[in-house]
Amino acid sequence: LVSNLTNDLDESKKPVIAITDFTPIGKSPTNFEKFLSEEFITRMTLTQKFRVVERKLLDKVLTELKLNVSDLVDPAKAVQVGKLLGADYLLVGTVTDEKFGFKINGRIINTETAEVFKASSTTVVKDPMTKSLMEEQL
């Protein structure tokens, strides 16, 4: 998923990106969504195509603005948060629990225009680790 979102980006520009928690569709947040955002932070950093905003700073801005991650689907709010963070892009995503796996959608949103810059999705097969993370509600 990270490769699909970053495969044609110019490495020399190194824009700033903030990565939000993934939002579960149809259920309460679990540790799986937190795990996904942590993985994305690590993997987006390893691509060396972005400068990644520290997660605690994003959480602080969301708390100050009294927003939740799910509020960032509103383009105006995404732009507001991006500007406060000094981020060029926000990475937001959703997780849907399906019969045999988890459908993960990721979108990179331009914080200047609120347009979706890139989008991709994948399905992760349910295994003991992912099932366990999905059962641990926050």
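The table for this structure:
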item: First in segment 71-99 and free of Cβ contacts under 8 Å to residues at least 60 places away in the same chain and closer than 16 Å to P29 by Cα, second anywhere and open to solvent by 30 Å² or more (accessible area, probe 1.4 Å) and not small (G, A, S), Cβ under 8 Å, 6 or more apart; result: D71/K77; E98/T123
item: Selection count where residues are open to solvent by less than 70 Å² (accessible area, probe 1.4 Å) and either of a type in the set (D, E) or part of a helix (DSSP H, G or I) (or both), scope segment 55-71; result: 8
item: Some residue of segment 14-30 being out of contact with any helix residue (DSSP H, G or I) (no Cβ under 9 Å at 6 or more places or on another chain), of a type in the set (S, T, N, Q) and not in a loop (DSSP other than H, G, I, E, B); result: no
item: Filter pass, A76 being aliphatic (A, V, I, L, M) and over 18 Å from E33 (Cα atoms); result: yes
item: Selected residue [among the aliphatic types (A, V, I, L, M), more than 17 Å from F50 (Cα to Cα) and within 14 Å of the chain's Cα centre (by Cα)] from V116, V81, V92; result: V81
item: Residue that is least open to solvent (accessible area, probe 1.4 Å), among those in segment 72-104 that are out of contact with any strand residue (DSSP E or B) (no Cβ under 9 Å at 6 or more places or on another chain) and outside any helix (DSSP H, G or I); result: D74
item: Pick from segment 84-103, criterion touching a Phe, Trp or Tyr at 6+ places or on another chain (Cβ under 7 Å) and of a type in the set (A, V, I, L, M), ranking: farthest from S37 (Cα to Cα); result: V95
item: Total residues in segment 32-54, condition open to solvent by less than 90 Å² (accessible area, probe 1.4 Å) and either aliphatic (A, V, I, L, M) or part of a loop (DSSP other than H, G, I, E, B) (or both); result: 8
item: Enumeration of residues in segment 103-138 that are modelled with pLDDT of 90 or more and touching a Ser or Thr at 6+ places or on another chain (Cβ under 7 Å); result: K103, I104, N105, G106
item: Residues of segment 105-131 classified as closer than 14 Å to T30 by Cα and open to solvent by less than 50 Å² (accessible area, probe 1.4 Å), total; result: 1
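So that you can scan it fast, the table gives a plain yes or no per residue for (1) at pLDDT 85 or above; (2) more than 19 Å from L5 (Cβ to Cβ):
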site: D21; (1), (2): yes, no
site: P24; (1), (2): yes, yes
site: K27; (1), (2): no, yes
site: I41; (1), (2): yes, no
site: M44; (1), (2): yes, no
site: Q48; (1), (2): yes, no
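The values are calculated or read from the model by the stated rules, or taken from the named source; none is laboratory data. All of these numbers come straight from a predicted model, not from anything done at the bench. All Cβ positions, glycine included, derive from the backbone under ideal geometry; neighbour counts span all protein chains shown. Quick note on the areas: whole protein, heavy atoms, side chains included, nothing else; ligands and nucleic acids left out. Shrake-Rupley method; radii C 1.70, N 1.55, O 1.52, S 1.80 Å.
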